[in-house]
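Each remark here refers to the structure printed beneath this line.
The values are calculated or read from the model by the stated rules, or taken from the named source; none is laboratory data. If you're wondering where the values come from, they're calculated on a predicted model, not measured in any experiment. Glycine gets a Cβ as well: all are built from the backbone with ideal geometry, and neighbour counts include every protein chain shown.
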Amino acid sequence: MTPNPPINLLPGPVPIHPTVREAFAAPPVSHRSETFQRDLRDLSRRLAQWVGAGEVALLLGSGTLANDAVAAQLSRRDDRGLILVNGEFGERLVDHGRRMGLDFSCLQKPWGETFEPADVETALDQGPEIGWLWAVHCETSTGVLHDVESLARVCRRRGIDLVLDCISSLGTVPLDLRGVHLATGSSGKGIASFPGLGLVFHHHGIEPSPSIPRYLDLGYLAAKGGLPFTTSTNLVYALRAALDRHQALGSWADGDGAPADGAAKVEGLMAFLRGELEGAGWRILAPTDVSSPAVVTLAPEPLSAPEMGEWLEARGLWLSYRSEYLVRRNLIQVCLMGEHHRGEIEALLARLEECRDVLGSPSA
Ligand SMILES: *Cc1c(COP(=O)(O)O)cnc(C)c1O
């Protein structure tokens with residue numbers, strides 16, 4: 001039986017709750033109205049408090065824009081940085097840094113592995129004085145989740161500013177950004193709203209800088225009360241509704257509070273899914289103890305990941321397999337961002353077995 005609507009197991013767009021769709025569908029209002037300005041201020045305060053940050057900037061764009069805004073801030077400094085790379089999104093940070101002309105070195109690990117504090121210490125000991133460290137919290141391409149606390153400890157001890165890409169971790173795991181210099185998020189992944197707002201969390205006051213392109217200048221944005229240009233009031237109200245929902249459920253990520261609407265906690269669902277996948281002999285890229293509860297990456301060789309993805313998609317199961325970096329490595333991912341149910345996982349597991357029988361048979 002093909003589920004209708006399809007079961008969305010993508011890292012974005014993610015399943016959107018009807019209350020969030022309703023908030024988005026209301027007619028736009030003037031972004032200059034007092035009501036909207038107050039609502040935006042309230043939402044910003046809630047978002048910042050939620051993760052222990054001082055402030056948050058909302059940019060009209062996807063997560064990549066938020067990372068560009070961070071790179072622009074780093075370009076104002078004259079110290080060197082270190083970027084950690086163990087997957088696609090770490091590689092993208094390097095690209096952000098190069099395009100912005102930053103001075104940095106890289107610490108590399110193979111895809112699916114994580115960094116031990118000792119690896120980071122060694123890299124910091126070698127290079128010239130390093131002032132900032134930029135890393136991806138959840139490396140979405142593999143599912144590896146970095147231990148932010150241990151990174152923060154190393155940085156704090158050495159007086160290094162820690163900068164994090166939390167785009168796929170925000171809303172899927174508890175996040176504590178106290179002591180984190182700059183961190184990015186987005187509306188369209190773990191918070192489970194529509195894509196289109198990029199978030200940059202910070203603590204320090206940011207001054208405008210004439211050398212940064214206007215749209216990327218977080219200081220300019222702050223000086224204009226967070227609203228220098230036209231924004232999508234629809235996206236802002238949808239994000240607010242998603243945050244309401246997230247907080248009313250006691251968060252589907254942080255393990256306390258009762259699931260509502262039959263939605264189950266992401267950790268429990270992921271443990272069930274991983275256990276069943278392993279039992280059925282699927283190869284999982286990253287071990288459980290270093291993985292996000294919201295992403296599992298399969299290396300289905302000798303099956304073709306794109307063929308599997310298409311076969312499952314035709315049967316109403318949306319997995320992530322089309323990104324270039326997944327195709328190149330023959331990987332396919334199941335993501336649990338937003339609200340999910342055990343029945344969805346059971347449907348997936350049944351189809352995966354069928355898929356292996358069909359695509360794996362010599363006559364296929
Ligand atoms: C998705 C993602 C991005 C890019 O975000 P877009 O919204 O696609 O621009 C950056 N970093 C991580 C870790 C991501 O998961």
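Descriptive notes on the structure:
- Some residue of the range 135-146 being farther than 27 Å from residue 109 by Cα, assigned to a loop (DSSP other than H, G, I, E, B), modelled with pLDDT of 95 or more and within 16 Å of the ligand (Cβ to nearest atom): no
- On the stretch given as the range 151-175, residues that are away from the ligand (no atom under 14 Å from the Cβ), modelled with pLDDT of 95 or more and either part of a strand (DSSP E or B) or not basic (Lys, Arg) (or both) total 8.
- Test result for residue 106, more than 16 Å from the ligand (Cβ to nearest atom) and either surrounded by fewer than 23 Cβ atoms within 10 Å (Cβ to Cβ) or modelled with pLDDT of 95 or more (or both): yes
- Of all residues in the range 16-49, exactly one satisfies the criterion of being within 25 Å of the chain's Cα centre (by Cα), without any contact (Cβ under 8 Å) to a residue 24 or more places away in the chain and either farther than 23 Å from residue 225 by Cα or not in a helix (DSSP H, G or I) (or both), namely 18.
- First in the range 57-82 and under 19 Å from residue 225 (Cβ atoms) and small (Gly, Ala, Ser), second anywhere and modelled with pLDDT under 95 and more than 16 Å from the ligand (Cβ to nearest atom), Cβ under 7 Å, 6 or more apart: 57/226
- Just one residue in the set 101, 97, 90, 112 is buried (at least 21 other Cβ atoms within 10 Å of the Cβ) and assigned to a loop (DSSP other than H, G, I, E, B); that residue is 112.
- For the range 176-199, the set of residues classified as under 22 Å from residue 236 (Cα atoms) and either surrounded by fewer than 24 Cβ atoms within 10 Å (Cβ to Cβ) or away from the ligand (no atom under 16 Å from the Cβ) (or both) consists of 194, 195, 196, listed by residue number.
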